Amino acid sequence: MTEQDEPETARLARRFIAAVEAGATGDALAAFLHDRVEQHELPNRLYPDGVRRDRAAILASAEKGRGVLRSQRYEVLDVIASGDRAAVEMRWRGELAVAIGALQPGDVLTGQFAFVLEIEDGRIVRMRNYDCYDPFPR
């Protein structure tokens, strides 16, 4: 199946990932998000207790991310879509723009990520992120 043959939810997920990878913020990112969007990022190395975000917090986090990362790349490994849901598995790589702990600008973080999106009215209304970072010095 080519990307053009995928369900619309899968195509929306791919467009969303491309926008995030390109550093979309503000209206460019908000166009993907339902007014009632909820994001739940499950516990991981950066957020040991996990984090929940509403629309405003997602947009604020994207702005903050622009200052933390020089660039990021998502390699989509698989997209599974059914009805109003899409699950995406990907490999992530981000180059730091600032020092974080023992990491310096230019250092690269990597990880295996997945998320499940629920779509309503053509926009993301719920998102669950499973971000599994590869080991890095603290």
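Here are some notes:
- The chain: most fluctuating residue of 12, 46, 77 per GNM, C-alpha cutoff 10 Å: 46
- Cα gyration tensor shape for the chain, rounded if a/c is under 1.5, else prolate or oblate: prolate
- Only Lys, Arg (+1) and Asp, Glu (-1) charged, at Cβ; region 79-138 dipole about Cα centre in debye: 100
- Placed amide H near residue 33: partners under 5 Å, 5+ positions off or other chain: 124
- Against the chain, whose longest principal axis is taken from its Cα atoms, helix 55-68 shows a tilt of about 40°.
- Under-5 Å amide H pairs with residue 97, H placed in peptide plane, nonlocal only: 69, 70, 106
- Counting heavy atoms of the protein chains alone, residue 100 has an accessible area of about 70 Å² for a 1.4 Å probe.
- Cβ-Cβ distance of residue 5 and residue 89, R₀ of 25 Å, FRET efficiency by 1/(1 + (r/R0)^6): the value works out to about 0.85.
- Note on the chain: with charges restricted to the Cβ of Lys and Arg (+1) and Asp and Glu (-1), its dipole about the Cα centre is near 460 debye.
- Placing a pseudo-label 7 Å from each Cα along the Cα-to-Cβ vector at residue 132 and residue 31 gives an inter-label distance of 3.3 nm.
- Across region 72-79, computed HN-Hα scalar couplings (Karplus, 6.51 cos²θ - 1.76 cosθ + 1.60, θ = phi - 60°) run 8, 9, 10, 9, 6, 8, 7, 10 Hz from first to last residue, x flagging Gly and Pro.
The values are calculated or read from the model by the stated rules, or taken from the named source; none is laboratory data. Only a predicted model underlies this, so the values are computations on that prediction, with no experimental measurement involved. Cβ: placed from backbone, ideal geometry, glycine included. Neighbour counts: every protein chain shown. Accessible surface is based on the protein model in full, side chains and every heavy atom, while ligands, DNA and RNA are left aside. Shrake-Rupley method; radii C 1.70, N 1.55, O 1.52, S 1.80 Å.
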